[in-house]
Amino acid sequence: MALVLFVGAHIASSGLTLEAQSSLTDSDWIAYGSDWTSSKYAALDQIRPGNVGDLEIVWRWTSPDEAILKAHPDLKTFVNEATPLKIGRVLYTSTSMSQVAAIDAVTGETIWVYDPKTWEDGTPANVGFVHRGVAYWEDGDDRRILYGTGDAYLIALNADTGEPISEFGEHGRVDLTKGLRRDVDRSLYALSSPPAICRDVVVAGSTVLDAFAVGRPPNAVMPPGDVRGFDVRTGEQKWTFHTIPQEGESGNDTWEGDSWQRTGSANVWTLMSADEDLGYVYLPVSTPTNDYYGGERKGANLFAESLVCLNAETGERVWHFQMVHHGLWDYDLPAAPNLIDITVDGKPIKAVAQVSKQAFCYVFDRVTGEPVWPIVEREVPQSKASGEQSSPTQPFPSKPAAFDRQGLTEDDLIDFTPELRQIAKQVIAAYDTGPLFSPPTPRGVIQVPGLVGGASWAGAAVNPAGVIFVPSYTSPAILRLHERDPATGYAYTGSYEWGPTGPDDLPILKPPYGRITAIDLNTGKHVWVSAVGRGPIDHPLLKDLRNLPPLGWSRRVFPIATQHLLLAVQAGIAAEAVVSKRGNAMLFTSKTSEPYLFAFDPANGVQLARIELPASPFGAPMTYAVDGVQYVSIPIGGCDEPAELVTLALP
């Protein structure tokens, strides 16, 4: 039984001075990415280059998950990834265990908490208990919070009380394991990212395993990644878009034989964007099963690893572009595309920019799907694995240039000293190497960027001038094929490993290892690149080298932009530990490492300040204004540390 705890809505005085409150208009953060265009931009300027270093914590809020974890020590969550919304004077956020809370935006006091008891159904799929946030919709006095849960329900809550909306689905929720084209094992199906809302339609993706599930054949039982639209008022399912086209549908011919019937995933696990004026929703679609071997799904495999534009009211496909043909690298589209208006060669364009794990930023006219600059099919290395038919070409944008390293040659290896270069050469000699899109091999191929990017689900921020700020990190992986696994009956199964690295985890590639790249989308040209974090400067093999610049940490970076600043946080350390008892998720360990809020000059990338936080962030910051005061709120901790929301303002 779900539980709503109503704490109270009395708003206490913040105690801030009238001078600080006099000149700033209240500002909301209405969707995960600030707005449905996923701009991650706020037109606020109280926090500026001259005072950002003075930010201090004004309140800390502890996740209600902590009480559940204390009472049930056998449970463990993943890190705290949820970014709150701000509507009026209230923040709305979710927790790793699919609870939702309303919080006073000024004081940090809890107003209400809704607990759907998701945790009683066991560990959710993929990485266990994790959640990234909620969506908001209103029509007059009807104000709703909508979100998906770790046990695959779509829930609608009254934003004022936290009570389920009784006329939505059955008692406020819709079972998302129903209404798909085949039966779904709930332990392999979940929602962790907020749905999109456009034209009164809630568009829901899903979290589906695409790489592993202990003791389960990856193709035969993995749920389909179909995306569905639901009536925001009633919860009625209005349409289904088959990301793996069914017989008679456009794109079905890109799946040889009956592979379209057997293959799962190709889901939308990350954030989506929407254009309310056009009535379009933009889907970044992921990889089909199995990630690293496609001999059982020959063909280009539409609409996997594609950006798909749908009519939000009907679910009809408007246009699409496939970034990876017949994916073998887990290069699924990781982030919400940024919808931004630009001017190219004097021509105004309603554009959409999609950042990718493989370190490309693809830019299209978001109305027609036409590339803003040519995207060229180039020949790529071919797989020699028995039964595999890798795509002979892959699409390469002519602009912008890649924003992180792609492929691996000796020229990419660390070269601070000849000795370090030699160490790196010895490390890579044990593996296969090659350019971008080198296929997995039995020996193991070093994948650069690795399967976590490049860009990641942190996405990018944009400003009204048409500049996109793309965080990325250089994190190689080893992709390996294993011959005939009796558990699956397939010719090969694939696996990945992190690394490789040198002694004591010394990076073998040139820095920066974590960076932000600013790109002017009006020209397609890079403006600047800045490292994020000190990086491994104190490594035993580097500490005696003089005058090293910041090297950046190879960890996820979450940016937001304001009128005069680019703010960013960098994730702490999360490492895989064990497979869950259900065999459906990896359980992680985590720890804090250099927890800071960074401030950069958006014009040149110069770091202006860094403000220490109580623990490492693992989700995106957001900013808002109430009563003339600008705040910055950041999710921190989780997993092996208390999950909190920490909020800063000027003194």
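General remarks:
- Test set (1) among the β-branched types (Val, Ile, Thr); (2) within 28 Å of the chain's Cα centre (by Cα); (3) part of a loop (DSSP other than H, G, I, E, B) - residue 25 fails condition number: (2)
- Scan of segment 120-137 for residues that are touching a residue at least 40 places away in the same chain (Cβ under 8 Å) and over 16 Å from residue 643 (Cα atoms), ordered by number: 121, 122, 123, 124, 125, 126, 127, 134, 135, 136, 137
- Comparison of 569, 632, 578 shows that the only residue that is part of a strand (DSSP E or B), in contact with a strand residue (DSSP E or B) (Cβ under 8 Å, 6 or more places away or on another chain), closer than 30 Å to residue 497 by Cα and in contact (Cβ under 8 Å) with a residue 24 or more places away in the chain is 569.
- Unmet criterion (only one of (1) surrounded by fewer than 24 Cβ atoms within 10 Å (Cβ to Cβ); (2) at pLDDT 95 or above; (3) out of contact with any helix residue (DSSP H, G or I) (no Cβ under 8 Å at 6 or more places or on another chain); (4) not aliphatic (A, V, I, L, M)) for residue 206: (1)
- Test for residue 394: is it under 24 Å from residue 374 (Cβ atoms), modelled with pLDDT of 95 or more, touching a His at 6+ places or on another chain (Cβ under 7 Å) and of a type in the set (S, T, N, Q): yes
Residue by residue, here is whether (1) surrounded by fewer than 24 Cβ atoms within 10 Å (Cβ to Cβ); (2) under 17 Å from the mean Cα position of the chain (by Cα); (3) of a type outside the set (Lys, Arg) holds:
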position: 293; (1), (2), (3): no, no, yes
position: 300; (1), (2), (3): yes, no, yes
position: 303; (1), (2), (3): no, no, yes
position: 312; (1), (2), (3): no, no, yes
position: 324; (1), (2), (3): no, no, yes
position: 328; (1), (2), (3): no, no, yes
position: 338; (1), (2), (3): no, yes, yes
position: 341; (1), (2), (3): yes, no, yes
position: 347; (1), (2), (3): yes, no, no
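- Listing of strands (runs of 3 or more DSSP E) fully contained in segment 354-414 that carry 1 or more residues being more than 16 Å from residue 448 (Cβ to Cβ) and in contact with a Leu (Cβ under 7 Å, 6 or more places away or on another chain): 361-365
- Residue in segment 61-79 that is among the charged types (D, E, K, R), surrounded by 19 or more Cβ atoms within 10 Å (Cβ to Cβ) and within 24 Å of residue 184 (Cα to Cα) present: no
- Identity of the residue in segment 109-125, buried (at least 21 other Cβ atoms within 10 Å of the Cβ), out of contact with any Leu (no Cβ under 7 Å at 6 or more places or on another chain) and at pLDDT 95 or above, that ends up farthest from residue 633 (Cα to Cα): 116
- Taking each residue of segment 536-553 that is farther than 16 Å from residue 512 by Cβ and in contact (Cβ under 8 Å) with a residue 12 or more places away in the chain and looking for partners that are small (Gly, Ala, Ser) and in a loop (DSSP other than H, G, I, E, B) with beta-carbon atoms closer than 8 Å, six or more apart or interchain, yields 541/502.
- Given (1) more than 15 Å from residue 330 (Cα to Cα); (2) touching a residue at least 40 places away in the same chain (Cβ under 8 Å), index of the condition residue 284 fails: (1)
- Candidates 191, 278: the one that is surrounded by 24 or more Cβ atoms within 10 Å (Cβ to Cβ) and either at pLDDT 95 or above or out of contact with any Pro (no Cβ under 7 Å at 6 or more places or on another chain) (or both) is 191.
The values are calculated or read from the model by the stated rules, or taken from the named source; none is laboratory data. Since we're looking at a predicted model, the values are computed, not measured. For neighbour counting, all protein chains shown are included, and Cβ atoms are generated from backbone atoms with ideal geometry for every residue, glycine included.
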